[in-house]
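The values are calculated or read from the model by the stated rules, or taken from the named source; none is laboratory data. None of these values were measured; they are calculated from a predicted model. Cβ atoms come from the backbone with ideal geometry, glycine included; neighbour counts cover every protein chain shown. Please note that ligands, DNA and RNA were not included when accessible areas were found on the heavy atoms of the full protein model with its side chains. Shrake-Rupley method; radii C 1.70, N 1.55, O 1.52, S 1.80 Å.
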Amino acid sequence: MSTSHAGPRFAVGLTGGIGCGKTTVADLFAARGAAVIDTDQIAHSLTAPHGAAMPALIDAFGPDYATADGALDRARMRALVFADPDARARLEAILHPRIRDATAAAALLADGPYTIFVVPLLIESGTWRARVARVLAIDCSEATQVARVMARNGLAEDQVRAIMAAQVTRARRLEEADDVIVNDAGIDALLPQVERLHRFYLDEAARLAEQPSQRL
């Protein structure tokens with residue numbers, strides 16, 4: 001079943017701290033037919049070799065922040081923005097409008113009964129809450145986050161905790177969320193949670209699609 005793009009479209013913002021399993025959960029919703037748009041993937045494409053954001057990034061930060069093949073040197077940029085709030089602001093001023101435009105373009109092309117936007121910094125951004133009907137937080141213990149990221153990225157524990165400290169607190173994320181999926185216990189524990197919310201989102205999408213379109 002596909003919702004007409006001419007009318008309102010039900011959208012969910014999926015977020016969570018690093019290592020909570022956002023991609024795993026998003027893939028499970030995609031397997032059930034949801035249109036999934038991952039802002040991290042869009043950001044990676046913009047900063048890939050000769051990506052659309054690279055000329056502006058090189059202009060702002062210099063050629064030392066590009067790799068030999070023309071991609072963003074992520075490790076070098078990560079170190080810079082952690083140490084320099086002004087550099088972080090300049091980076092965001094370049095990337096965020098481009099991510100927003102690419103996300104909007106992807107949403108226009110999205111098919112499926114509803115759309116899930118995967119936005120790691122959804123709460124921090126301050127703008128996404130108004131763009132989605134519901135916020136879904138993927139949650140797990142901080143110890144699980146640390147263990148997963150250390151295993152996945154090869155980072156030291158203090159590096160992982162520094163990244164976590166730069167994100168909103170777990171308590172704040174849960175407070176802001178409309179829906180929560182707990183991802184501490186593996187795929188078997190995830191599936192019923194995803195299935196329950198998928199059915200709920202299908203119902204909400206159908207209800208929204210039945211409302212008369214308001215053209216301002």
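Of the residues in the stretch 81-110, how many are among the acidic types (Asp, Glu) and modelled with pLDDT under 90?
Adding up the residues that qualify gives 0.
Quick check on my filter: what residues within the stretch 130-146 are in contact (Cβ under 8 Å) with a residue 60 or more places away in the chain and among the aliphatic types (A, V, I, L, M)?
Val132, Ala133, Val135, Leu136, Ala137, Ile138, Val146, listed by residue number.
Among the candidates Leu121, Leu108, single out the residue that is open to solvent by 40 Å² or more (accessible area, probe 1.4 Å), in contact with a His (Cβ under 8 Å, 6 or more places away or on another chain) and on the phi < 0 side of the Ramachandran plot.
Going through Leu121, Leu108 in turn, the sole match is Leu108.
Being under 19 Å from the mean Cα position of the chain (by Cα), closer than 23 Å to Gly13 by Cβ, aliphatic (A, V, I, L, M) and open to solvent by 50 Å² or more (accessible area, probe 1.4 Å): is that true of Leu174 here?
Here the answer is yes, as Leu174 does meet what is asked.
If we keep just the residues of the stretch 154-163 that are open to solvent by less than 80 Å² (accessible area, probe 1.4 Å) and either charged (D, E, K, R) or not in a loop (DSSP other than H, G, I, E, B) (or both), which is nearest to Gly17 (Cα to Cα)?
Checking each candidate, the answer is Ile163.
Test Arg196 against the criterion of being more than 17 Å from Gly13 (Cβ to Cβ) and basic (Lys, Arg), and give yes or no.
yes
Considering Ala52, Ala89, Ala83, Ala104, which residue is without any contact (Cβ under 8 Å) to a residue 12 or more places away in the chain, among the hydrophobic types (A, V, I, L, M, F, W, C) and within 30 Å of Ala31 (Cα to Cα)?
That would be Ala104, the only listed residue that is without any contact (Cβ under 8 Å) to a residue 12 or more places away in the chain, among the hydrophobic types (A, V, I, L, M, F, W, C) and within 30 Å of Ala31 (Cα to Cα).
In the stretch 170-201, what count of residues is obtained for those that are in a loop (DSSP other than H, G, I, E, B), hydrophobic (A, V, I, L, M, F, W, C) and either modelled with pLDDT under 95 or closer than 14 Å to Phe29 by Cβ (or both)?
Residues that pass the stated criteria total 1.
Mind checking whether some residue in the stretch 56-71 is out of contact with any Lys or Arg (no Cβ under 7 Å at 6 or more places or on another chain) and either among the basic types (Lys, Arg) or modelled with pLDDT under 90 (or both)?
no
Which members of the stretch 49-84 meet the condition of being among the hydrophobic types (A, V, I, L, M, F, W, C), closer than 18 Å to Ala106 by Cα and open to solvent by less than 40 Å² (accessible area, probe 1.4 Å)?
Across the stretch 49-84, the qualifying residue is only Ala53.
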